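The values are calculated or read from the model by the stated rules, or taken from the named source; none is laboratory data. All values reported here derive from a predicted model rather than from experimental measurement. Heads up, the Cβs are rebuilt from the backbone with ideal geometry, glycines too, and the neighbour counts pull from every protein chain shown.
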Amino acid sequence: MYSYKRNNYNLRRFDMAIFRIKMILLVLTLVLLGANSAKADVYQIYLYYDHGQLSFDRNLDRKVIILPGKTGDPSGDFRLGDFRIEVLDKNDNILHSVKFDPRPEIFSDPDSPSLRKSLGGSKILDQGETGLRLPYSPTGAKLKIYNPANTLILEYDISYLATCNLDSVCDSFYGEDAATCPQDCKKSEAGGVEKDGDQWWLPGLVIVSVGAVGFYLWRMWRKRHAQPSPPETR
């Protein structure tokens with residue numbers, strides 16, 4: 001009888017240990033997912049539309065900037081149309097391409113554009129400042145915009161925004177590392193210090209967590225084997 005009770009007791013303790021380990025692994029997984037769900041940067045491109053003619057906004061010195069940590073899908077910031085814009089690297093490889101409608105849009109209630117848009121309270125203009133947002137690429141070097149006749153009408157150098165210039169040199173001064181520029185920084189030393197992306201702490205977190213789980217199991221095993229056996233009952 002005593003042996004049966006002791007076995008059940010050990011099984012319950014073992015099940016509880018397994019449950020705690022699962023909870024630890026679940027928390028670790030959530031932490032890793034949260035770390036990898038960082039907000040993505042986007043290009044903000046400033047344009048001017050005038051009755052079918054498209055140009056960059058003359059009132060701004062920089063026609064393209066980076067908006068850090070932009071949430072959501074950048075493609076939702078503009079309407080689809082017959083104009084096309086491309087983001088290319090320095091070797092003219094197309095990194096991103098999308099068709100869009102450059103005509104400005106105003107809303108009846110500027111305090112609630114999403115609500116007024118859903119109710120049809122917007123108006124498309126034939127002239128005015130406009131623009132769009134595209135996903136940022138660390139190797140982006142130029143923008144090209146084509147009209148509905150597929151003719152190149154605008155081109156702009158965005159290499160000053162690149163954090164990866166594809167020169168086979170890991171330039172940490174310009175923000176290149178294994179995460180932002182794996183082509184130039186293939187786990188190499190950047191600026192004399194080995195860098196492997198901004199999330200260098202993730203492997204350490206995994207090691208610490210695994211070590212904590214192992215230590216917990218070792219304590220459980222030691223405690224169970226160190227307990228004196230209760231006297232047998234007759």
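Select from the stretch 58-85 the residues that are in contact with a Leu (Cβ under 7 Å, 6 or more places away or on another chain) and either surrounded by 17 or more Cβ atoms within 10 Å (Cβ to Cβ) or modelled with pLDDT of 95 or more (or both) and list them in ascending order. Within the stretch 58-85, Val64, Pro74, Phe78, Phe83, Ile85 meet the criteria. For the stretch 132-155, the tally of residues that are of a type outside the set (S, T, N, Q) and either loosely packed, with under 15 Cβ neighbours inside 10 Å or without any contact (Cβ under 8 Å) to a residue 60 or more places away in the chain (or both) stands at 9.
Condition (residue is modelled with pLDDT of 90 or more and closer than 22 Å to Ala162 by Cα) applied to the stretch 48-57: is it met by at least one residue? Yes - at least one qualifying residue is present in the stretch 48-57.
Taking the criterion of being surrounded by 16 or more Cβ atoms within 10 Å (Cβ to Cβ), at pLDDT 80 or above and not β-branched (Val, Ile, Thr), the residues of the stretch 158-181 that qualify are Leu161, Ala162, Cys164, Cys170, Cys181.
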